[in-house]
Structure formats: structure tokens, C-alpha cells
1. Candidates [x] 48, 40, 37; [y] 59, 30, 29; [z] 55, 44, 38; which is the computed Cα extents along the principal axes in Å?
2. Under 17 Å from a point placed 7 Å out from the Cα of Arg9 along the Cα-to-Cβ direction: which residues of the stretch 177-209 have their backbone N that close?
3. Using the Cα centre of the chain as origin and beta-carbon charges of +1 (Lys, Arg) and -1 (Asp, Glu), tell me which of Ile197, Gly65, Ser5 is placed farthest towards the positive end of the dipole.
4. Hey, in the GNM for the chain with a 10 angstrom Cα cutoff, which one of Glu19, Glu80, Glu198 fluctuates hardest?
5. For the stretch 174-242, with all protein chains present and a 1.4 Å probe, just round the carbon and sulfur fraction of the accessible area to a whole percent.
6. Quick one, could you list the DSSP H helices from the chain stretching 24 Å or more along their long axis (Cα atoms) with average Kyte-Doolittle hydropathy of -1.0 or above?
7. Size of the dipole of the stretch 79-159 about the Cα centre, Lys and Arg at +1 and Asp and Glu at -1 on the beta carbon, nothing else charged, in debye to 20?
8. Of all beta bridges DSSP finds with both residues in the chain, what is the antiparallel percent, to the nearest 5?
Amino acid sequence: MAHGSRDPRSAATIQRLAERVRAVAPGVDVRVGFLGLSEPPLTSVLDDVAAEGHAEAVVVPLLLGNAFHSRVDLPALIAEAEQRSPGLRVAVSDVLGPDPLLLDAVRARLAEAGAAPDPGFGVVLAGVGSADAAANDVVAKVAARLHGRGDYAAVTHAFTTCGPDVRSAITQLRARGAERIAIAPWFLAPGLLLDRIEQRAHDVAPNTVLAAPLGAADAVASVVLTRYATAAQAARTTAHAA
């Protein structure tokens, strides 16, 4: 389950990630559903699963933080689906972030963009931002872990919808000795918010390197399957205990 976006590039990226998961685990029935803005809606996908006679499903939220969508929106949709289809039991896995494998994917995306480990680079780990301070703290901690690797002059974080913003992050990196700037998106897919981050970065530092979002990276597919397997096992254990 992904958030969804008005930008078609986002849904296309999520579909490519699903294809990658299918390739790694060909025995798993992998379907894509969205909270909104993109097709198909998660509710329709769960209705289809029930209509085909399946008794169980696992929803893996393709979210990088545990904020409003995972804690409020998703449980409400699951409850509605189970009410419509009493024979269907839906388990929900943990969100993807901040799994350590995703940090490896961030580093790989930076290298692909031409910002391989280099003490001249400063890196901004850029996320959407949330009204939930704990969700924002996750991004800050991921940035701190990336900085702790010692690959770059400095690493900090920024958000699109709240502070700190990209401009202030770049100013901070320059004060810490960065000669060049790279943006590492803490995003799964491209979209309008990531475009906004790129524009703001280029306004301040025209030669900013923008890495690709995490997308269909092998590491992301691995985390998806780990979350699926853990949730499926927990559901089986609960069912046997009952």
C-alpha cells in the first residue's frame, strides 16, 4: 500500500517496486493499492482479494515513517474492508522506515548520481515532513547515521512541509565545510514535493546534485518482503493460539 500522488511518475515507480518484489519472491501474490490520488484504491484491492475467495491478506505500508497515515488512515480502511468481507482477515506490517537497508539504498542512490563518498560533499537527507514530531525525528536520526559513516563533509536533514527547510540545511552544510551539495531524497517515488525540494536547492546552490528516490531498489524490495514475512508469521501464530 502506497500513499498515492497526482503525479503519474509516483504510481509508476510503485508498480516497478511491486514488479521487483514479484521477481524476488515469485510465489507471493503481490498487488498494489493506494490510500488516495492514484488507482487502484486499497479498499478495492482488498475487496477483490475477498471476492476471489482468499481468507487472508497482508498489507505492507510503503511508508518511510510511522505517522498519521499508518496509525489512523490505514487501520480505518482495514476495519472497513473486514466489515464488508467478514471472511477476510487482514494483517498489517510495520512501515518500511527506518530499516538499516534503506540507508544503504540512500548511499547507493547518491553514488549513482555522482555524489559518491567525498569529503567535499555535504548531503541533505530530504523528507516530506509531518505534524508528528516523532516521525520527523526518524529522518533526523537517519541523517545522523549517514553522517556517522564519515563519507561526507556533513549530513543534515530537511523537509518540504515543515522546518528545517532545504535552504537552511544547505547554509548549515556550508558552515560545516561542504564545498558541494547533494540532495538524498527520503522518498520512495518522484513527485511534486520532491520537485519542489530540487527547485529550492537549486535556487541556493545551482550545482546541487539530486539523487533519485529509493524507488525499486533491491534493498527496498528486501525490506518489503521482510515486513511481509514478519506480519504473516505473526498472523499465523495469533490464529493458532486462538
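The values are calculated or read from the model by the stated rules, or taken from the named source; none is laboratory data. What you are looking at is a predicted structure, and each value in this text was computed from that prediction instead of being measured. Glycine gets a Cβ as well: all are built from the backbone with ideal geometry, and neighbour counts include every protein chain shown. These accessible areas exclude ligands, DNA and RNA; they are computed on the full protein's heavy atoms, side chains included. Shrake-Rupley method; radii C 1.70, N 1.55, O 1.52, S 1.80 Å.
1. [y]
2. Zone members listed by number: 183-203, 208-209.
3. Farthest towards the positive end: Ile197.
4. Greatest mean-square fluctuation among the candidates belongs to Glu80.
5. The C+S portion of the solvent-accessible surface of the stretch 174-242 is 53 percent.
6. For the chain, where a helix must reach 24 Å along its axis and average at least -1.0, the hits are 8-24, 218-241.
7. Around 60 debye, computed over the stretch 79-159.
8. If I count the DSSP bridges inside the chain, around 0 percent turn out antiparallel.
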